[in-house]
Amino acid sequence: MTTTVESPARSPRLQEFLAQPQKILIDGQWTDAGSGETFTTYDPATGEALATVPRGAAEDIDRAVSAARRAFDTTDWARWRPARRENLLWKISELILSRADDFAELESLDNGKPLGIAAAFDVRSSADCFRYYAGWPSKIQGSVNNPSMLLAPEDAEFHSFTRREPVGVCGQIIPWNFPLLMAAWKIAPALATGNTVVLKPAEQTPLTALLLGQILVEAGVPDGVVNIVTGHGEAGAALSEHSDVDKVAFTGSTEVGKRIVAASAGNLKKVSLELGGKSPNIVFADADIDSAVGGVIQGFTLNSGQACEAGTRVYVHESIYDKFNAALAEQVKALAVGPGNDPESVITPLVSQEQLDRVVGYLEAGKQAGAVALVGGNRDTGYFVEPTVFTGTSEDMSIVQEEIFGPVAVSIPFSGDDEVIAAANRSEYGLAAGLWTQDLSRAHRVASRLNAGSVWVNTYHALDSALPFGGFHQSGWGRELGPESIELYTQVKSVTIAI
Ligand code: NAD
């Protein structure tokens, strides 16, 4: 059952932030939506209104894109020398850490996630992302090439080299599950490479992006280089179809990802997508069972299962299936369900009524199809649902095939390596995969055969600024983080000089 906990005293600075009228950031100015319209963002644990935020739409996106275009084309931003850019990114990282408590509390309030996770993971990882990309500007390199130039006279000489240059104006559309972190994953590499940005945060969780906007201004990001427009899907659609946007980067549902691809066709803007998943987490008979149980639980319950890389298809070797499930059920049953500000809470509320309806719909569909809830299976009060593991599933069930985005997993027995690899790969997605074994050869063999952008062995959710992240199949296009994001936000030019 859920518990209620009195809200901790908010810091004066956070109170001040929440009390002020929220504005969107365009060309260094905090402004209202052109229409004057607003929407309210809520604490999902209590339903309390947190703030009223401008409802940006196409005209605001247009203003923001014009500002980003002006900053890219007519200022020296794209040509800043590396050390200056590195200092700026480093400063942003430090300023995020200096407001870490406020960011964590705001994220927990707006999204519902546990305050401790917001502090230890979301905020630290966001600062780390800016720190990591602060190191990149001085390491971006081209190559010196040796062309044959067949039409040139024999004694002609050439010097050819390549340069990595920014893509231009980048539209960035982010989801509500890791709001600050997704903003950091998008903005940091874009700034490291000299692009300009229009960011559209998710309507459910706009607040930490706006606080980040204040930090960016304070750090000295030039006017127009980062613009932040809060709003609904219509604002995202306007951004993805805008003819003056050179690239769009999106994280969210596969359905909207496909719409963004279609909308981008008008000016053939570059597109990178980080979409859904239905990731397998495989427990072999030789696994350390205790750590596998813990890892499987963390795999599908982190952020109350609202994580694209969640390990929700759990495959367990038949020889340990009953024993594993018994331990799993016991530990899942003991997970505390409660608000994010209760340090005991592991399962916190889902982000919204829509998400609750969606997850409860899957719980009902699973039961109706004949699956058995080994543990959980019901909604709790408010936006809370019980952490749930289904057994007795068949592959055609929606709870086995589709992304649920709640704390819900299926546990499926298997008998052999080839069989489980084939089952794990039978998915339209391919974002992540986990495997639990103490056999090093098996770990390498299976890791190389799983169709997933990230494979984790004896661990899960092992995300890091240095490691590329993204998906096979319909889990997306391109990879974020690591050196791959530098490639995502640059394009290569070859230069040839007759000497
Ligand atoms: P969504 O894909 O609709 O929203 C993500 C972002 O896209 C938001 O900023 C939203 O305003 C924007 N958007 C919506 N319609 C758009 C359009 N036509 N063009 C451009 N941008 C648009 O996600 P959701 O509805 O909030 O969640 C639905 C499901 O998506 C979830 O249940 C989950 O399965 C999945 N999801 C995945 C991720 C992920 O990290 N991969 C994150 C959130 C949700």
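Rule-based calculations on the coordinates, nothing more; no lab input. In this text the structure is predicted, and so the values were computed from the model without any measurement. In this analysis, Cβ positions are derived from the backbone assuming ideal geometry, glycine residues included, and neighbour counts consider all displayed protein chains.
Overview of results
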{"read-out": "Packing-based order for 96-108, 276-288, using average beta carbon neighbours within 10 Å, highest first", "value": "276-288, 96-108"}
{"read-out": "Footprinting exposure proxy for MET397, MET182 (fewest neighbouring C-beta atoms within 10 Å first)", "value": "MET397, MET182"}
{"read-out": "Share antiparallel - DSSP beta bridges, the chain, percent rounded to 5", "value": "40"}
{"read-out": "Around ASP357: net Lys/Arg minus Asp/Glu count, Cβ-Cβ under 13 Å", "value": "0"}
{"read-out": "Within-11-Å neighbourhood charge of THR312 [Cβ basis; K, R +1; D, E -1]", "value": "-1"}
{"read-out": "Whole-Hz couplings from phi, Karplus 6.51/-1.76/1.60, listed for region 296-304; x for Gly and Pro", "value": "5, 5, 4, x, 10, 10, 3, 6, 6"}
{"read-out": "Inter-centroid distance (Cα atoms) of region 197-243 relative to region 113-175, Å", "value": "22"}
{"read-out": "Charged-residue dipole, Cβ positions (Lys, Arg, Asp, Glu), the chain about Cα centre, Debye nearest 20", "value": "1020"}
{"read-out": "Projected label distance in nm at THR459 and THR74, using a 7 Å step from Cα toward the beta-carbon", "value": "4.9"}
{"read-out": "Protection proxy ranking, peptides 332-341, 419-428, 28-37, 225-234, average beta carbon neighbours within 10 Å, highest first", "value": "225-234, 332-341, 419-428, 28-37"}
{"read-out": "Ranked by how many other beta carbons lie within 10 Å on average, peptides 303-310, 250-257 from highest", "value": "303-310, 250-257"}
{"read-out": "Rounded Å value of the spacing that divides the Cα centres of region 391-416 and region 440-499", "value": "27"}
{"read-out": "Fewest-first ranking of PHE178, PHE324, using other Cβ atoms within 10 Å as the exposure measure", "value": "PHE324, PHE178"}
{"read-out": "About the Cα centre, charge dipole magnitude for region 69-168 (Lys/Arg +1, Asp/Glu -1 at Cβ), debye", "value": "180"}
{"read-out": "Test item: Cα-centred dipole of region 265-406, Lys/Arg +1 and Asp/Glu -1 on Cβ, debye", "value": "400"}
{"read-out": "For region 344-499: span of alpha carbons on each principal axis (Å, largest first)", "value": "75, 40, 33"}
{"read-out": "Sequence-distant residues sharing a close amide H with GLY28 (under 5 Å, placed H)", "value": "GLY224"}
{"read-out": "Extended-chain gain in nm, criterion 0.36 nm per residue less alpha-carbon gap, LYS367 and GLU234", "value": "44.3 nm"}
{"read-out": "Greater than 27 Å apart at Cα, pairs in LYS113/LYS333; LYS200/LYS258; LYS91/LYS493; LYS139/LYS247; LYS258/LYS493; LYS186/LYS258", "value": "LYS91/LYS493; LYS258/LYS493"}
{"read-out": "Theoretical ellipticity at 222 nm over the chain - DSSP helices of four or more residues, -39500 (n - 2.57) apiece, nearest 500", "value": "-11500 deg cm²/dmol"}
